[in-house]
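K.L.:
This is the structure I want to talk about, given as structure tokens.
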Amino acid sequence: MDLRSARAALQIARRVAVLTGAGVSAASGIPTFRDAQSGHWARFRPEDLASPEAYAADPELVWAWYAGRYRDVLAAQPNPAHHLLVRLEQQKGAGFFLATQNVDGLHARAGSGTRGGRLAELHGNLALARDEVTGEVFPLPDPAQLSLPPLSPAGHRMRPNVVWFGEYLPEEALRAAQQAFAQADIALIIGTSAVVYPAAGLARDTLLGGGKVIEINPEPTDLTRLASFSLRETAERGLDLLLTEHLNEH
Ligand code: NAD
């Protein structure tokens, strides 16, 4: 496949399943895990903070890290890649499914999941916390009002509502994503290193169902060899090339 046929394939596809990773939010100023740890946090690996063991050992430390990331994502804005995916959803309606590994909530803030398609936040959301006793999920207060660790209305300690290393993905969201990818004519995999489960699995579901995989990533990934077409571009430029009509095209 070349760019022209990838564009055509996306245009005629009735069902499109999209998987996004941290690269989609890079242009919003939210670092990918590889670039992530700066300043005070430089001496920690994300794996040493985003795990049940880390939280059990030092909940204050883990909450301080999450509170900082929560503050940062609230200050960030969706970028053209998020907006272009909303336009794609508008075109495909119920044939559109977006699964994200991002916990920044930027797809939802751009409007994904409200134009006839579906949005699944497979790894949770930094703006939510979960009662450690009842499992109920609540939005965090504004960062200025946030005291750590946050307590639920019932007075129980809450943990970040994100999926940590070694934890299972939310079952229902994962099942919906697997079904959407298995039925998709095109799986569009954007800005994920595809080493973290379930990225590779979802693209394979599409291939097994007879669909094709298109990847957008400035770097090659483990998925590149499964892809019919790999666009070596940033998310926003790659989506623009794939989805937007260009005046000089004939
Ligand atoms: P990752 O950090 O492993 O990989 C990021 C990928 O994005 C890389 O393949 C890189 O080549 C690519 N990339 C970098 N800049 C890009 C750009 N401008 N456009 C397109 N692609 C670009 O991220 P991942 O695969 O999402 O890793 C998974 C874990 O990281 C997830 O668990 C996720 O929850 C977590 N994470 C989330 C955020 C966020 O919510 N924004 C940020 C950092 C990490």
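The values are calculated or read from the model by the stated rules, or taken from the named source; none is laboratory data. All values derive from a computational prediction rather than experimental measurement. Using ideal geometry, Cβ is built from the backbone for each residue, glycine included, and neighbour counts are taken over all protein chains shown. Only protein heavy atoms, including side chains, enter the accessible area calculation; ligands, DNA and RNA are left aside. Shrake-Rupley method; radii C 1.70, N 1.55, O 1.52, S 1.80 Å.
K.L.:
Would the range 5-23 turn up any residue that is part of a loop (DSSP other than H, G, I, E, B) and not assigned by TED's automatic domain parsing to the domain that holds residue 204?
P.N.:
no
K.L.:
I would also like to ask the following. With respect to residue 190, is the statement that it is closer than 23 Å to residue 32 by Cβ, touching a strand residue (DSSP E or B) at 6+ places or on another chain (Cβ under 6 Å) and crowded, with 16+ Cβ neighbours inside 10 Å true?
P.N.:
Considered against the rule, which asks whether it is closer than 23 Å to residue 32 by Cβ, touching a strand residue (DSSP E or B) at 6+ places or on another chain (Cβ under 6 Å) and crowded, with 16+ Cβ neighbours inside 10 Å, residue 190 comes out as yes.
K.L.:
Quickly run through the range 129-145 and pick out the residues that are in contact (Cβ under 8 Å) with a residue 24 or more places away in the chain and in a strand (DSSP E or B).
P.N.:
The answer is 129, 130, 131, 137.
K.L.:
Working only within the range 52-81, note down all residues that are touching a Phe, Trp or Tyr at 6+ places or on another chain (Cβ under 7 Å) and at pLDDT below 95.
P.N.:
65
K.L.:
Within the range 52-94, how many residues turn out to be assigned to a helix (DSSP H, G or I), within 14 Å of the ligand (Cβ to nearest atom) and not charged (D, E, K, R)?
P.N.:
12
K.L.:
Moving to a separate point now. Can you say whether residue 97 is in a strand (DSSP E or B), away from the ligand (no atom under 15 Å from the Cβ) and either among the acidic types (Asp, Glu) or closer than 25 Å to residue 194 by Cα (or both), as far as the supplied structure shows?
P.N.:
Yes, satisfied.
K.L.:
Just to be sure I understand the filter: pairs with C-beta atoms under 6 Å, separated by 6 or more residues or on different chains, first member in the range 9-23 and of a type in the set (S, T, N, Q), second member part of a strand (DSSP E or B). Which pairs pass?
P.N.:
Final answer for the pair search is 20/100; 20/190.
K.L.:
So, one more: On the given criteria, is residue 142 open to solvent by less than 10 Å² (accessible area, probe 1.4 Å), away from the ligand (no atom under 16 Å from the Cβ) and charged (D, E, K, R)?
P.N.:
It is false that residue 142 is open to solvent by less than 10 Å² (accessible area, probe 1.4 Å), away from the ligand (no atom under 16 Å from the Cβ) and charged (D, E, K, R).
K.L.:
Would you pick out the residues in the range 227-239 that are open to solvent by 40 Å² or more (accessible area, probe 1.4 Å) and farther than 14 Å from residue 7 by Cα?
P.N.:
Correct list: 232, 233, 234, 236.
K.L.:
Shifting gears a bit: Quick one: in the range 16-51, which of the residues that are within 23 Å of residue 130 (Cβ to Cβ) and touching an Asp or Glu at 6+ places or on another chain (Cβ under 6 Å) is modelled with the lowest pLDDT?
P.N.:
It comes out as 30.
K.L.:
For the condition touching a strand residue (DSSP E or B) at 6+ places or on another chain (Cβ under 8 Å), over 14 Å from residue 243 (Cβ atoms) and open to solvent by 20 Å² or more (accessible area, probe 1.4 Å), what is the one hit in 108, 75, 27, 56?
P.N.:
Residue meeting the stated conditions: 108.
K.L.:
Within the range 111-124, can you find the residues that are open to solvent by less than 20 Å² (accessible area, probe 1.4 Å) and within 11 Å of the ligand (Cβ to nearest atom)?
P.N.:
Within the range 111-124, 122, 124 qualify.
K.L.:
Condition first: out of contact with any Pro (no Cβ under 9 Å at 6 or more places or on another chain), open to solvent by less than 70 Å² (accessible area, probe 1.4 Å) and in a helix (DSSP H, G or I). Now tell me which residues in the range 156-180 satisfy that.
P.N.:
Selection gives 173, 176, 180.
K.L.:
Quickly run through the range 180-232 and pick out the residues that are closer than 23 Å to residue 163 by Cα, hydrophobic (A, V, I, L, M, F, W, C) and within 11 Å of the ligand (Cβ to nearest atom).
P.N.:
Of everything in the range 180-232, those that are closer than 23 Å to residue 163 by Cα, hydrophobic (A, V, I, L, M, F, W, C) and within 11 Å of the ligand (Cβ to nearest atom) turn out to be 189, 190, 194, 195, 196, 199, 200, 223.
K.L.:
Could you tell me how many of the residues in the range 102-128 are closer than 24 Å to residue 150 by Cβ and in a loop (DSSP other than H, G, I, E, B)?
P.N.:
6
K.L.:
Condition first: open to solvent by 60 Å² or more (accessible area, probe 1.4 Å), more than 14 Å from the chain's Cα centre (by Cα) and of a type in the set (A, V, I, L, M). Now tell me which residues in the range 196-216 satisfy that.
P.N.:
207, 208
K.L.:
May I pose another question? Restricting attention to the range 86-101, which residues are open to solvent by less than 10 Å² (accessible area, probe 1.4 Å) and in contact (Cβ under 8 Å) with a residue 60 or more places away in the chain?
P.N.:
Those that are open to solvent by less than 10 Å² (accessible area, probe 1.4 Å) and in contact (Cβ under 8 Å) with a residue 60 or more places away in the chain: 88, 96, 98, 99, 100.
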